Amino acid sequence: MNKIQLKNVSKIYNNKVVALDNVSLTVKQGEFIVVMGQSGSGKSTLLQISGLLDACTSGSVIINGNDVSHLDKNKLADIRMNSLGFVFQAFHLNAHLKLYENIMVPMLINDKFKNRAEMQEKAMELIEKVGLTHRKEHYPSELSGGEQQRVAIARAMANDPDFILADEPTGNLDSKNEIMIFEELKKLSDSGKGVLVVSHNDAVIDFADKLYVMKDGVLEEKQNEK
Ligand SMILES: Nc1ncnc2c1ncn2[C@@H]1O[C@H](COP(=O)(O)OP(=O)(O)OP(=O)(O)O)[C@@H](O)[C@H]1O
Ligand SMILES: [Mg+2]
């Protein structure tokens, strides 16, 4: 999988709320794509549709040249498991699992790992990449917000996806941690992942290869003067 394309995508909730209005967007591997926009402008809707978590009302979502609209739920879940990683504002870590165990969770549904030892080894590798090896046995409540979000990024990488989709990943963080999270995500796009970040945080602009602004469901590309 090397490309996610949205072509003339609209999303209308309950036959009345136009959350996306004829949106076209391409995210390629190796790119860091940013969509900014005010609250209610349609950013999360865009991310959910790009991540095959929700269907559009009209238009098409095309993955590697194939329209996904005719795929059944299982096939969509397969694509999500193998090719997509998600990062959310509220981290969504399991409070009862140690850091490295949190990272192992998505691996449990993937039959590419032979046994627990293999999963644990991969989890340790990812935890090292986000600089938290010294905290691997800790629980989420023992970490700062920025550290928790780095764990969530490591978890998003568990099944080695082609794309990382992040919805307001710095929403709960102070400015120092914000930059650290954007740097982590940038590293992933530099390593060949496609990264799509939706946010209203200006600090992300410096990292964007392409910058878009969403207003009332309409997406517009902006010149990035970083
Ligand atoms: N499940 C839903 N049913 C009905 N309307 C919805 C639903 N989800 C979102 N909306 C509406 O669609 C519009 C876009 O919502 P969305 O969550 O995509 O905005 P957003 O840009 O992510 O906002 P925020 O920055 O506050 O997260 C809003 O008007 C919202 O009220
Ligand atoms: Mg949102």
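Where does the chain land at 222 nm, in deg cm²/dmol rounded to the nearest 500, when only DSSP H runs of n ≥ 4 count, each adding -39500 (n - 2.57), divided by all residues? Walk me through the intermediate numbers first.
Working: 6 runs with 67 residues, N = 226.
Helix contribution divided over all residues of the chain: -9000 deg cm²/dmol.
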* Structure fact -> Projecting the Cα atoms of Ile62, Ser189, Asn172 onto the charge dipole of the chain, where Lys and Arg contribute +1 and Asp and Glu -1 at Cβ, the residue farthest towards the positive end is Ile62
* At 7 Å along the Cα-to-beta-carbon direction for both Thr133 and Asp72, put a label point, then send me their distance in nm to one decimal. => 4.5
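Roughly how many Å² is the accessible area per residue of the chain, as a whole number, for a 1.4 Å probe? Could you put the intermediate results ahead of the total?
Numbers: 11010 Å² over 226 residues.
Per residue, the chain has an accessible area of 49 Å².
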* In nanometres, what is the gap between the two model label sites at Asn82 and Asn64, each 7 Å from Cα along Cα-to-Cβ? -> 0.7
* To do: Would you mind checking Lys28/Lys98; Lys112/Lys210; Lys43/Lys73 for any pair whose Cα atoms are more than 27 angstrom apart?
  => Lys28/Lys98; Lys112/Lys210
* To do: Enumerate the whole-percent occupancy of each 5 Å bin, from 0 to the last occupied one, for all C-alpha pair distances of the stretch 93-226.
  => 2, 10, 19, 20, 19, 13, 8, 6, 3, 0
* For helix 145-156, what angle does its Cα long axis make with the longest principal axis of the chain, in degrees from 0 to 90 and rounded to 10? -> 80
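So if R0 is 22 Å, what FRET efficiency would Lys215 and Ser175 give, r being the distance between their Cβ atoms, rounded to the nearest 0.05? Let's see the in-between values first.
Values: r = 25 Å, r/R0 = 1.14.
Approximately 0.30, to the nearest 0.05.
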* Share of pairwise Cα separations in the stretch 3-222, more than 33 Å, in percent -> 14
* Quick one: putting +1 on the C-beta of Lys and Arg, -1 on the C-beta of Asp and Glu, what dipole do you get for the chain around its Cα centre, in Debye to the nearest 20? -> 400
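The values are calculated or read from the model by the stated rules, or taken from the named source; none is laboratory data. For clarity, every value in this text was computed on a predicted model and none was experimentally measured. Quick reminder, even Gly has a Cβ in these numbers, built from the backbone with ideal geometry, and neighbours come from all protein chains shown. These area figures cover heavy atoms from the full protein model, side chains too; ligands, DNA and RNA do not enter into them. Shrake-Rupley method; radii C 1.70, N 1.55, O 1.52, S 1.80 Å.
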